[in-house]
Amino acid sequence: MNIVVYNIRRIMEEKGLKQKYVAERSGFTAQEFSNMMNGRKSISVGYIRSICAALDAKPNDLFELQKS
């Protein structure tokens, strides 16, 4: 799983957000977003802003490595 998908999932879990909610808030269908989250569709740079808005996160939050 790539770091962006990992961080989207992490933020969704931390905030208690459902995938369908984030998809709709980002302007994607549930299927499109599911495809992105499962590697069947690339998450382009152009999608980052809308996904961040839906997550109430910053772009850096999606690209950072978490320290364990």
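Which condition does Ser50 not pass, out of (1) within 11 Å of the chain's Cα centre (by Cα); (2) at pLDDT below 95, if it passes all the others?
Of the numbered conditions (1) within 11 Å of the chain's Cα centre (by Cα); (2) at pLDDT below 95, the odd one out for Ser50 is (2).
I need a count of the residues in the range 1-32 that are open to solvent by 60 Å² or more (accessible area, probe 1.4 Å) and touching a helix residue (DSSP H, G or I) at 6+ places or on another chain (Cβ under 6 Å).
Qualifying residue count, the range 1-32: 3.
Picking from Asn60, Asn35, which residue would you name as being of a type outside the set (Phe, Trp, Tyr) and open to solvent by less than 60 Å² (accessible area, probe 1.4 Å)? Walk me through how you get there before you give the answer.
On the way: Asn60 fails: open to solvent by less than 60 Å² (accessible area, probe 1.4 Å).
Residue meeting the stated conditions: Asn35.
Yes or no, residue by residue, for (1) aliphatic (A, V, I, L, M); (2) touching a His at 6+ places or on another chain (Cβ under 8 Å); (3) within 17 Å of Asn2 (Cα to Cα); (4) assigned to a helix (DSSP H, G or I):
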| position | (1), (2), (3), (4) |
| --- | --- |
| Met12 | yes, no, yes, yes |
| Lys20 | no, no, no, yes |
| Phe33 | no, no, yes, yes |
| Ser42 | no, no, yes, no |
| Tyr47 | no, no, yes, yes |
| Cys52 | no, no, yes, yes |
| Leu62 | yes, no, yes, yes |
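The values are calculated or read from the model by the stated rules, or taken from the named source; none is laboratory data. Note that the coordinates shown come from a computational prediction; the quantities given were computed from them, not determined experimentally. Cβ coordinates were reconstructed from backbone atoms using ideal geometry, including for glycine residues, and neighbour counts include every protein chain displayed. These area figures cover heavy atoms from the full protein model, side chains too; ligands, DNA and RNA do not enter into them. Shrake-Rupley method; radii C 1.70, N 1.55, O 1.52, S 1.80 Å.
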